[in-house]
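Remarks on the structure that follows.
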Amino acid sequence: MLDDIKKTLWATADKLRANMDAAEYKHLVLGLIFVKYISDTFAARRAELTTRLTNPGDDYYFEGASTDDLAAELEDRDYYKEVNAFWVPESARWESLRAAAKQPDIGKRIDDALSLVEAENLKLKGILDKRYARAQLPDGKLGELVDLVSTIGFGLRPEDGPSAARDVLGQVYEYFLGQFASAEGKKGGQFYTPASIVKTLVAVLGPHSGQVYDPCCGSGGMFVQSEKFIEAHGGRLGDVSIYGQESNPTTWRLAAMNLAIRGIDFNLGREPIDTFTHDQHPDLRADFILANPPFNISDWWHASLEGDPRWHYGDPPQGNANYAWLQHMLHHLKPTGRAGIVLANGSMSSSQNNEGQIRAAMVDADVVEVMVALPGQLFFNTQIPACLWFLAKRKERRRGEVLFIDARKLATMISRVQAELTDEVIDRIAGTVAAWRGEVLAGATITSYEDQPGFCRSVPLAEIAQHGHVLTPGRYVGAEPVDDDDEAFADKMHKLTEKLGEQMAKGAELDALIRQKLGGVGYEF
């Protein structure tokens, strides 16, 4: 049901954007979804309070309260803060905006509402994108968009409470993020990591408690999937602290709204700014790091980074940030911490500009735990083949070994140009890693580890050194076994050779016949 609603909403929203670029339009749509969310949760809490304040059997009962007393009590902000609901001033509430949707100044009214919400909620200061008054939409389209967003969350009852609105709005927000990333193509990948890749990172790392960090957090997808993992395994979201950083201002805002819409407390730093030159969390040592940094960026270097303590395994090349990202994340791990990072395949084998030496130092220090080769066509923004690095500051088990997994052939196409990893494949990868570590995942079908030719193999560091510290899984896992029909190779080869001879003889006969026929009509060869 909700999937159908999401698709219908997207189709209508996409139609309303007319000729506006998707990169610009997404901020209008997602901003309105956010305003709808905070207004819905505020309204749900207000309805709950009204019931409780007038119920003699409730702890909140306001005995002898007049209508005016009750109205004043409902404006007490502490009631809303205690359930992490944002305070929404009356003129910024969705009902007010919806009532004015057909007015020519609806854009300004929305901007004003966002300013009021920011002023009343310090957590949102500088986050909400006030661009509606100058939006380049045809007349009336912004009002139609307000009407459309008004339909999200229908069917919710006051007694369902804020969590129900959060779930519906959160799912719609996440779905729209993915659709906009697809519509934007290359640009979309800068703020959105495909869900199946994030799920794989989360499933392998299992960030159930402690501090979770993403130094290039995009729109916050790693954190949202971590929340889902925690809930699915019976944990509490409050057991996890979220830390992130993002340099793109508009993407930083998307992340903050994405987390706020789900009730996730977060620290994305004071401002959107570069992670390498202005580390917003210098003292953080995280339990888990999940990240999809931009691949192969060449303009990352700054003179201030010379001799930085993060470059523990060697100075990263100034023309490629891949090994700067890897070392930044190792630097920010606790001694018992683990990291999962998406990088271009070249990071596994490159020997240019000190990368080979850094990789060798990391392998020899035994901080590389698992390497996973991914299928192609998983990303919106690039066809560059990618892989997953899993790092461990201090391995508890399997010291002196690296697990290699080759998942290149395990994708499922979901469109003509887009592939994904199914939940079954993700479970297989995560279950294999857990079994290799000596752990068993709840509900996993894999309970003990063994090498599987063509899929996975545990390799000692000495063997990796013999291969020049190259970390490409295909080099180690071997070939996938072929079906054996008990026919000897020599017999197969003999039959194939005979068949080829017959086909060649038949071809010669046909060639002679064609020449004979053409000669009969006077054609000379």
Check your understanding: Is it fair to say Phe86 is in contact (Cβ under 8 Å) with a residue 40 or more places away in the chain and either closer than 30 Å to Lys6 by Cβ or surrounded by 15 or more Cβ atoms within 10 Å (Cβ to Cβ) (or both)?
Key -> yes
Check your understanding: Does Glu439 qualify as being assigned to a loop (DSSP other than H, G, I, E, B), under 20 Å from Ala479 (Cα atoms) and out of contact with any Ser or Thr (no Cβ under 8 Å at 6 or more places or on another chain)?
Key -> no
Check your understanding: From the set of residues in segment 230-249 that are part of a helix (DSSP H, G or I) and open to solvent by 40 Å² or more (accessible area, probe 1.4 Å), which is farthest from Val204 (Cα to Cα)?
Key -> Pro249
Check your understanding: Which residue pairs have Cβ atoms closer than 6 Å, lie 6 or more positions apart in sequence or on different chains, and pair a first residue in segment 107-120 that is within 11 Å of Ser91 (Cβ to Cβ) with a second residue that is hydrophobic (A, V, I, L, M, F, W, C) and part of a helix (DSSP H, G or I)?
Key -> Ala113/Ala92; Leu116/Ala92; Val117/Ala92
Revision key, fill the gap. Scanning segment 377-396 for residues that are part of a loop (DSSP other than H, G, I, E, B) and at pLDDT 90 or above, the one nearest to His331 (Cα to Cα) turns out to be Lys393
Check your understanding: Can you spot a residue in segment 230-237 that is hydrophobic (A, V, I, L, M, F, W, C), touching a helix residue (DSSP H, G or I) at 6+ places or on another chain (Cβ under 9 Å), modelled with pLDDT under 85 and under 23 Å from Thr275 (Cβ atoms)?
Key -> no
Check your understanding: Which ones in segment 407-426 are open to solvent by 40 Å² or more (accessible area, probe 1.4 Å) and within 19 Å of Val459 (Cβ to Cβ)?
Key -> Arg408
Point to revise | Whichever residue in segment 266-288 is open to solvent by less than 20 Å² (accessible area, probe 1.4 Å) and aliphatic (A, V, I, L, M) and, among such residues, is nearest to Asn248 (Cα to Cα) | key: Leu268
Review point. Out of the residues in segment 427-460 that are open to solvent by less than 30 Å² (accessible area, probe 1.4 Å) and more than 27 Å from the chain's Cα centre (by Cα), which is farthest from Asp364 (Cα to Cα)?
Key: Gly454
Review point. Scanning segment 52-78 for residues that are more than 18 Å from Glu90 (Cβ to Cβ) and among the hydrophobic types (A, V, I, L, M, F, W, C), which turns out least open to solvent (accessible area, probe 1.4 Å)?
Key: Leu53
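This table checks each residue for (1) open to solvent by 50 Å² or more (accessible area, probe 1.4 Å); (2) under 17 Å from Glu369 (Cα atoms); (3) in a helix (DSSP H, G or I).
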position: Asn296; (1), (2), (3): yes, no, no
position: Ser304; (1), (2), (3): yes, no, yes
position: Pro309; (1), (2), (3): yes, no, no
position: Asp315; (1), (2), (3): yes, no, no
position: Asn320; (1), (2), (3): no, no, no
position: Gln327; (1), (2), (3): no, yes, yes
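The values are calculated or read from the model by the stated rules, or taken from the named source; none is laboratory data. In this text the structure is predicted, and so the values were computed from the model without any measurement. Heads up, the Cβs are rebuilt from the backbone with ideal geometry, glycines too, and the neighbour counts pull from every protein chain shown. When the accessible area is computed, the model is the full protein with side chains, heavy atoms only, and any ligands, DNA or RNA have been set aside. Shrake-Rupley method; radii C 1.70, N 1.55, O 1.52, S 1.80 Å.
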